[in-house]
Amino acid sequence: MQVWREMEREGMEELVFCYDPSSGLKAIIAIHNTALGPALGGCRCWTYVSEEEAIRDAVKLAKGMTYKNAMAGLPYGGGKAVIWDVAGACEQMKAASGMDERGDGVMAGTAMDDLGDAMLAGSKMREQTEETKANTRTDSQSSDTAQARIVMNVQGDAMLAASTLDVRALRFRALGRCLERLNGRFVTGLDLGTTASDMDQIRVETTYVTDTTGSLGAKDDFTADMTAYGVYIGIVTSLRHQGVAALQGNPVAVQGLGKVGYALCRYLHAAGARLIVADVVPERVQRALVQFSGAISADPARIHAADCRVFAPCALGGVITPATAEELRCSIVAGAANNQLHGGQLVARRMQARGILYAPDYVLNAGGIISTACELQGAGPDLIRQKVAGIAGTLSQVYTEAVRSGISTLEAADRLAEAILRTGRAE
Ligand code: NAI
């Protein structure tokens, strides 16, 4: 991989490679852009199949945070920390605590960023990892060796205990020291595969961390609720853009009834929308059908083609492909999932040509990061909610720019974000 070429292509400012031999930490801190302020983005712990994969993920995620933070009007740039879980500490944590939940000692959801895309990529990576383990004895041996080496180091130091969880704590402390050396250029928090306890370990070494135990960001229902609230506000704004004054009676199809999707259903139901719901976990669907009167269920694989006013993808990334874009029967696509378009501008333009209004995901799902940024600046829940409601104004600007310039809403959002970055100031 040509790292500098990748940095040039993506406009990266800095890539920091962190290695701590005593804990086995291998991490990348990707700082994409600090024109608006220190980079802000989550810390992901994941089992990448290669260094290249980890670098690419860090770069892509950091860039995404730049655009999301800029459009949210936050005084922060974009960055991401990625811990390469070579020896399987994250995997073991996942197995021990359950992947879906978040909070103290429990796996994080996605306070700062995109689970959807990662779920796709992650399951692929896991498959590949299993395949690699099965097919290449040498790789599997060297991974075992890495684990053994860490345990040996751990045993060699009186301060360290020999359990994997302690190794994990040491890795996060080591990352904390790396952050401290960056002197505030990057502030991190929860993301896929990390917990509030991990953030507590980072906090031992540095103040450039959020989502620690007791913070609003570590309370999953708050962050997810703010994300859902932003999506709800965006749906209302999108309807108004199409001349529809109220949600009342309009069918909205919600794909994914997890933390954000379920909270979104609550807002939509309270506003009188007719819900069509889908999830791959049948219990979640049942719960929604019981709680939201009038709701009906749909096949999770076909819900994008439901006859509805709004389709809200709140599960995985990449659900709108060139093929599924042709099957949409909604007039608005507006959901929480990150990287919804598999095919970028091409798919965005196709939706535009079909008269379907697309609310760019990174504009719409910024409620979580707005919440994090506001909390960093000392705001409480009420002020945070007010700030999240500002997504309405931002989205309207995107729609106005798209109409004015005859471009897709995704192009309009990118253009506006880049203008904010050029002028170096948040709104
Ligand atoms: P979650 O893990 O709580 O929920 C995801 C739900 O989608 C689960 O109920 C899962 O069973 C379901 N699902 C998975 N595959 C599906 C499929 N093929 N069809 C239908 N349902 C399926 O995740 P969360 O936190 O609710 O996030 C949802 C989306 O929003 C993700 O893409 C995430 O990246 C994005 N997001 C979340 C933020 C947050 O604050 N939690 C912030 C910004 C973006």
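The values are calculated or read from the model by the stated rules, or taken from the named source; none is laboratory data. Values in this document were obtained by computation on a predicted structure and should not be read as measured data. Quick reminder, even Gly has a Cβ in these numbers, built from the backbone with ideal geometry, and neighbours come from all protein chains shown.
So which residues in segment 283-315 are more than 10 Å from the ligand (Cβ to nearest atom), of a type outside the set (A, V, I, L, M, F, W, C) and assigned to a helix (DSSP H, G or I), if there are any at all? Residues satisfying the conditions are Gln286, Arg287, Gln291.
Conditions tested, residue by residue: (1) exposed (fewer than 15 other Cβ atoms within 10 Å of the Cβ); (2) within 14 Å of Gly73 (Cβ to Cβ); (3) modelled with pLDDT under 95; (4) not aliphatic (A, V, I, L, M).
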residue	(1), (2), (3), (4)
Cys374	no, yes, no, yes
Ile384	no, yes, no, no
Val388	no, yes, no, no
Gly393	yes, yes, no, yes
Tyr399	no, no, no, yes
Val403	yes, no, no, no
Gly406	yes, no, no, yes
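Figure legend. Inter-residue proximity from segment 159-188: first residues over 15 Å from Gly41 (Cα atoms), second residues modelled with pLDDT of 95 or more and aromatic (Phe, Trp, Tyr), beta-carbon distance below 8 Å, spacing 6+ or different chains. Indicated pairs: Glu180/Tyr208. Residue selection: Gly344 satisfies the criterion of being surrounded by fewer than 19 Cβ atoms within 10 Å (Cβ to Cβ), within 22 Å of Lys60 (Cβ to Cβ) and more than 16 Å from the ligand (Cβ to nearest atom).
Conditions tested, residue by residue: (1) touching a strand residue (DSSP E or B) at 6+ places or on another chain (Cβ under 8 Å); (2) over 17 Å from Cys314 (Cβ atoms); (3) within 16 Å of the ligand (Cβ to nearest atom); (4) not in a helix (DSSP H, G or I).
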residue	(1), (2), (3), (4)
Gln352	yes, yes, no, no
Val363	no, no, yes, no
Gly368	no, no, yes, no
Ala373	yes, yes, yes, no
Lys387	no, yes, yes, no
Thr400	no, yes, no, no
Val403	no, yes, no, no
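One residue stands out in segment 253-281 among those that are among the aliphatic types (A, V, I, L, M) and more than 15 Å from the ligand (Cβ to nearest atom): the one that is surrounded by the most Cβ atoms within 10 Å (Cβ to Cβ), namely Ala273. Scoring Gln345 on the criteria (1) at pLDDT 95 or above; (2) among the polar types (S, T, N, Q); (3) not in a loop (DSSP other than H, G, I, E, B) leaves a single failure, condition (1).
Pairs linking a residue in segment 289-304 that is closer than 11 Å to His269 by Cα and of a type outside the set (S, T, N, Q) to a residue that is in a helix (DSSP H, G or I) and away from the ligand (no atom under 14 Å from the Cβ), with Cβ atoms under 8 Å and 6 or more positions apart or on different chains, are Phe292/His269; Ala295/His269; Ala295/Leu289.
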